[in-house]
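Structure first, then comments.
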Amino acid sequence: MARLVLRLEGQKSMRLLLLLPMVITPLLPAVDATYTLYAPQVADGGTWKTIFTIVNLNDRNQGTGTLQFHTDDGNPLLLPIAGQPGPVSQLTISLPPNGVQIIETLGTAGATTVGWAELNDFSVPSALGLTTLFRRRSDSLDYEASVLGLPVAAKSIVFSFDHTAGFTTGIAFINASSIFTGSIVITLRDDTGRFLQSETIPLNLLTHTAFSLTDRYPATRGVRGTIQLSPDSFDKLWLSAMAFRFNPLGAFTTVAPLVK
């Protein structure tokens, strides 16, 4: 699924195009167009660091864009980045054809700072790809998992979970819109499809939410099932989400989002 945001010169509003799944063909001329990929979670410090890998997938043209970091409430998030003289909230991306750039947070702070990131692709045609790798140190061991940067969702998203044998699931999601607020309906079911619990969570502009399923929803402890995220309006609320599965020893892996 994909959503292309066109910012047209002289217009006061943005036109949103909902496209067929996995098709990224604009219906209007690409005038001052920006294609955006999202990382719904960023973590730095307190045993965590985040590593962004950006690739120019075009064989001929320069890839350009910006990588921006946001706090939970959408303000600029200052992060310590390897090779930078001080914390930054935005980096300029400029890559030759087939080039790669790796951006790594330092992870040296005692406390963990969390937020989210967006990669704005100014290339014509759009050319940049994003992978976000999370690294956590536990008992002198490094655990890693990577998440593919994706555009905002055009349908409800479902994640599976398995909370037997001490496993837990963490989830993060954002409203990437700077124009529209909205809400998201969380629906939890067990592995037979039986309804467990639901909750409506309001989302303000550019907001980030993250929590452990077992902490927020005790009914999921010791069972397997699914969590479904359904925005009240796909035309307004720009949803992007990701999930991690943690084992009792500290290792973790990503849970792939399923489109309903």
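The values are calculated or read from the model by the stated rules, or taken from the named source; none is laboratory data. Source: prediction; values computed, not measured. Note that we place each Cβ from the backbone using ideal geometry, even for glycine, and neighbour counts take in every protein chain shown.
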Condition met for Ser146 (in contact (Cβ under 8 Å) with a residue 40 or more places away in the chain, within 21 Å of Val259 (Cβ to Cβ) and surrounded by 15 or more Cβ atoms within 10 Å (Cβ to Cβ)): no
Residue identified as part of a loop (DSSP other than H, G, I, E, B), modelled with pLDDT of 95 or more and closer than 24 Å to Ala241 by Cβ among Asp59, Asp73, Asp44: Asp73
Pairs with Cβ under 9 Å, 6+ apart, first in region 246-260 and aromatic (Phe, Trp, Tyr), second outside any strand (DSSP E or B) and surrounded by 14 or more Cβ atoms within 10 Å (Cβ to Cβ): Phe246/Phe167
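At least 2 residues that are of a type in the set (Lys, Arg) in each: list the strands (runs of 3 or more DSSP E) lying fully within region 77-143 that qualify.
128-138
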Given (1) touching a residue at least 60 places away in the same chain (Cβ under 8 Å); (2) surrounded by 14 or more Cβ atoms within 10 Å (Cβ to Cβ), number of the condition Gly110 does not satisfy: (2)
Which numbered condition Ala154 fails, given (1) touching a Pro at 6+ places or on another chain (Cβ under 9 Å); (2) within 23 Å of Gly74 (Cα to Cα); (3) in a strand (DSSP E or B): (3)
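Determine whether Arg245 is more than 22 Å from Ala153 (Cα to Cα) and not assigned by TED's automatic domain parsing to the domain that holds His70.
no
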Count - residues of region 227-260 that are in contact with an Asp or Glu (Cβ under 9 Å, 6 or more places away or on another chain), assigned to a strand (DSSP E or B) and modelled with pLDDT under 95: 0
Per-region count, region 120-143, residues closer than 23 Å to Gly170 by Cα and either within 19 Å of the chain's Cα centre (by Cα) or touching a residue at least 60 places away in the same chain (Cβ under 8 Å) (or both): 12
Positions within region 207-226 being within 21 Å of Val114 (Cα to Cα) and in a strand (DSSP E or B), in sequence order: His208, Thr209, Ala210, Phe211, Ser212
Residues (buried (at least 19 other Cβ atoms within 10 Å of the Cβ) and not in a strand (DSSP E or B)) located in region 164-181: Ala176, Ser177
Search result, residues across region 182-206 that are assigned to a strand (DSSP E or B) and without any contact (Cβ under 8 Å) to a residue 12 or more places away in the chain: Phe195
